[in-house]
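Down below is the structure, laid out as structure tokens.
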Amino acid sequence: MREAMQYYNEQLLKIVAYGIIVMVPSWLLFSNYSLLLISVDWAGSENLVTVLLNILMFVIFVRPLFSLYKRVSVSEELEFKEMFKEFIWSIGPLLVVGSFISALVYGGIFVFYIPGILIAPILFILPFMYSDKISIRKWIQTSVDFYITNFVQVWVQIILWVSIVTLVWSGVLYLTSFLEMSYDAYNITRMVFSLVIFPFIIFSLSDKFLSMTGEVEEV
């Protein structure tokens, strides 16, 4: 985590630029679409749909930040335009495959609970394993194999970061509870919070991911 913080500070300008130019517009677009989607009757599982949509939003933003971390961790540079291009080229496949896995998670939780919960971490792994030079089948297979091999470590990271984010966000809400915030002010606060903490989470997960797999083949 210390190295993640060091690289985070060194690449702060690129991270801020990525947040403002890519994450904010995408977040606004995705949020509006998600509100439309959850307006449909989901048989009382609207909260589950909301969680899955938020995970999908997490998934589409990961790849450029992971690539940035990989480069800077070996003392190389990644231009911002390369980050932007990687986001553009990866968003489609990640949304398609992520939506497919989300449907499996939804079905598994809605019907049997445990299978859906066990499938869910694959969503978090997908962007780290993504490459435009391998087939979708190979990509999914590699992600599943990594999950099975590192089952305990994957769950430890998920529980750890969900706990940290929940704790920090609760602290933010407590500190702002004395202010009368409108719905828009609340959303802006949540967005700023996400822009600050999300890249750091990705850098920390990237460090952990690379320590488990070594350098991922640039395929």
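The values are calculated or read from the model by the stated rules, or taken from the named source; none is laboratory data. What you see is a predicted model; the values in this text were computed from it and never measured. Ideal geometry is used to build each Cβ from the backbone, glycine not excepted, and the neighbour counts take in all protein chains shown. Ligands, DNA and RNA are excluded from the accessible area calculation, which covers all protein heavy atoms including side chains. Shrake-Rupley method; radii C 1.70, N 1.55, O 1.52, S 1.80 Å.
Taking the Cα centre of the chain as the origin, how large is its charge dipole in debye, to the nearest 20, when only Lys and Arg (+1) and Asp and Glu (-1) carry charge on their Cβ atoms?
180 debye
When only Cα pairs under 8 Å and 6 or more residues apart are kept, what is the percent relative contact order across the chain?
So the answer I get is 28 percent.
Tell me the Kirkwood hydrodynamic radius of the stretch 66-170 in angstroms, computed as one over the mean inverse distance between distinct C-alpha pairs.
In the stretch 66-170 this quantity evaluates to 15.5 Å.
Hey, any idea what % of the chain's accessible area is carbon plus sulfur with a 1.4 Å probe?
Here carbon and sulfur together make up 68 percent of the probe-accessible area.
Show me 150-163, 58-71 ranked by packing, highest mean number of other Cβ atoms within 10 Å first.
58-71, 150-163
Gain in length, K133 to L167, computed as 0.36 nm per residue apart minus the alpha-carbon separation, to one decimal in nm?
Gain in length upon complete extension: 8.3 nm.
7 Å from Cα along Cα→Cβ at both Y113 and E82: what's the point-to-point distance in nm?
4.8 nm
Summing Lys, Arg as +1 and Asp, Glu as -1, what charge do residues with Cβ under 15 Å from the Cβ of R2 carry, R2 excluded?
Local charge sum for R2: -2.
Can you list the residues, at least 5 places off or on another chain, whose amide H is less than 5 Å from the amide H of A120, using H built in the peptide plane?
It is none; the list stays empty.
Given the options S45, Y174, M5, identify the residue whose Cα lies farthest towards the positive end of the charge dipole of the chain (+1 on Cβ of Lys, Arg; -1 on Cβ of Asp, Glu).
Going by the Cα projections, it comes out as S45.
At 222 nm, what value in deg cm²/dmol follows for the chain if DSSP H runs of at least 4 each add -39500 (n - 2.57) and the sum is divided by all its residues, to the nearest 500?
-27000 deg cm²/dmol
Provide, in order from the shortest bin, the percent of all Cα-Cα pairs of the chain in each 5 Å bin, continuing until the bin that contains the maximum pair distance.
Binned Cα distances yield the sequence 1, 6, 13, 18, 20, 18, 13, 6, 3, 1, 0.
Put +1 on the Cβ of every Lys and Arg and -1 on every Asp and Glu Cβ in the stretch 103-200; which of Q141, V162, V192 then has its Cα farthest towards the positive end of the dipole?
Of the listed residues, the answer is Q141.
By how many nm would the segment from A185 to N9 grow when fully extended, if each residue of separation counts as 0.36 nm and the alpha-carbon distance is taken off?
Contour length minus Cα-Cα distance gives 60.6 nm.
State the number of lysine pairs found in the chain whose Cα atoms come within less than 20 Å, restricting to pairs 8 or more positions apart or on distinct chains.
Lysine pairs meeting the criterion: 9.
Quick one: compute the contact order of the stretch 111-219, relative version, from alpha carbon pairs under 8 angstrom and 6+ residues apart, as a percent.
Relative contact order, the stretch 111-219: 34 percent.
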